[in-house]
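Working notes, structure below.
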């Protein structure tokens, strides 16, 4: 095992990447990624408004509508994927519409403003292909997707009309009331607001105060359109008090949260400029503080009913992640989740976005379980992806049955995460 100081940041300078050097060379060797041949397909122009004067739903109506949508887009596809276990049927595919961003969060390598955004042709063919292989969820990723709000409006409208659950992570800064209404009217399912601090700061610009008015409007219109809202929070060296405050803001507004612990890049990112002198990176001295914060959050969830998406064990394992001691876990990347890059090529997960290994293109994947399993014996030692961790739980039959029985005993009231 690699010693912890080489795997996690313990000073002002971070390693260029954390995975094994041999694996890194395999994933980044020549030739370069395949090419997705362009076409001429376009997304239909949305009609707006489709709902001239939407009426606010009662809480009972809102919950019933979301439960029905969850079954059609998550539940039924999940059980079908268990039946077609040898086929690629991603429960959570991620569509990277842009690799550009309006922010420069110092921990984030997931953007490059020199990369062209996805075309309508690639987006439409991606959605059609995913639909054809049984997927009914679409997460729109970046960069910042709302750099092109009209493009996102088209994607949401086209997808929702095909009964696809559209999930939009955004930093919220470009999210005007008009955009909220357009996306709500088109049928968006979830807004996931990425916020790391309460007040804006240079290293953590994804702050709550600058988007407070947009957030209040988003909450106000929630039951008119039926979408859900949640906070996505990254635990850093310099925001642990903010994490507590943001968690309470979410609670006060009746929305869920999910959490990550800040990490240095797993694979090499030539464009990333904050590897040195980065005040967001966790240090060895932060480990007890991270433990205490995660214990605090677990108490809020288990004893006070705060809504959190992370499985309970996932947040316990985060304590080991910061120490470079990730326990064995089942990763579903490339099997029940995947990413579609802006150019239409495929990869199993976010950290592999820049890899040159050939996993295929939209409509012609080359995911091989033997290759994926061999890769994951190494890369899962350095990663604790929230979504793939949840999927790993869902594809463990014993855990699913046990969870279902516990919820049944409670009458399926206020179902908790795993």
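Restricting the stretch 362-380 to residues that are under 21 Å from the mean Cα position of the chain (by Cα), in contact (Cβ under 8 Å) with a residue 60 or more places away in the chain and not in a helix (DSSP H, G or I) leaves a set whose member that is surrounded by the fewest Cβ atoms within 10 Å (Cβ to Cβ) is 367. Scanning the stretch 188-214 for residues that are buried (at least 22 other Cβ atoms within 10 Å of the Cβ) and more than 16 Å from the chain's Cα centre (by Cα) yields 197, 204, 207. Listed conditions (1) in contact with a strand residue (DSSP E or B) (Cβ under 8 Å, 6 or more places away or on another chain); (2) more than 27 Å from residue 394 (Cα to Cα) are all met by residue 90, apart from (2).
Report whether or not residue 148 is modelled with pLDDT under 95, over 18 Å from the mean Cα position of the chain (by Cα) and either buried (at least 19 other Cβ atoms within 10 Å of the Cβ) or within 30 Å of residue 272 (Cα to Cα) (or both). So residue 148 fails the test. Taken over the stretch 24-47, the criterion of being in contact (Cβ under 8 Å) with a residue 12 or more places away in the chain, out of contact with any strand residue (DSSP E or B) (no Cβ under 7 Å at 6 or more places or on another chain) and either surrounded by 14 or more Cβ atoms within 10 Å (Cβ to Cβ) or part of a helix (DSSP H, G or I) (or both) is satisfied by 24, 26, 27, 28, 43, 46.
The residues of the stretch 264-277 that are in contact with a strand residue (DSSP E or B) (Cβ under 9 Å, 6 or more places away or on another chain) and part of a loop (DSSP other than H, G, I, E, B), listed by number, are 275, 277. Only one entry in 159, 132, 81, 110 is out of contact with any strand residue (DSSP E or B) (no Cβ under 6 Å at 6 or more places or on another chain) and without any contact (Cβ under 8 Å) to a residue 60 or more places away in the chain, namely 132.
Residues in the stretch 196-211 that are part of a loop (DSSP other than H, G, I, E, B), touching a helix residue (DSSP H, G or I) at 6+ places or on another chain (Cβ under 6 Å) and under 23 Å from residue 254 (Cβ atoms): 1 in all.
Could you look through the stretch 114-133, keep only residues that are surrounded by fewer than 20 Cβ atoms within 10 Å (Cβ to Cβ) and under 20 Å from the mean Cα position of the chain (by Cα), and pick out the one that is farthest from residue 267 (Cα to Cα)? Taking the candidates together, the pick is 131. Residues in the stretch 278-318 that are surrounded by fewer than 14 Cβ atoms within 10 Å (Cβ to Cβ) and not in a helix (DSSP H, G or I): 1 in all. Tallying residues that are part of a loop (DSSP other than H, G, I, E, B) and buried (at least 20 other Cβ atoms within 10 Å of the Cβ) within the stretch 151-169 yields 1.
If you filter the stretch 242-263 down to residues that are crowded, with 16+ Cβ neighbours inside 10 Å and assigned to a loop (DSSP other than H, G, I, E, B), you find that the one that is modelled with the lowest pLDDT is 263.
Looking across the stretch 216-241, the residues that are outside any loop (DSSP other than H, G, I, E, B) and either under 19 Å from the mean Cα position of the chain (by Cα) or modelled with pLDDT under 95 (or both) come down to 228, 229, 230, 231, 232, 233, 234, 235.
The values are calculated or read from the model by the stated rules, or taken from the named source; none is laboratory data. Not measured: the values here are computed from a predicted model. Note that we place each Cβ from the backbone using ideal geometry, even for glycine, and neighbour counts take in every protein chain shown.
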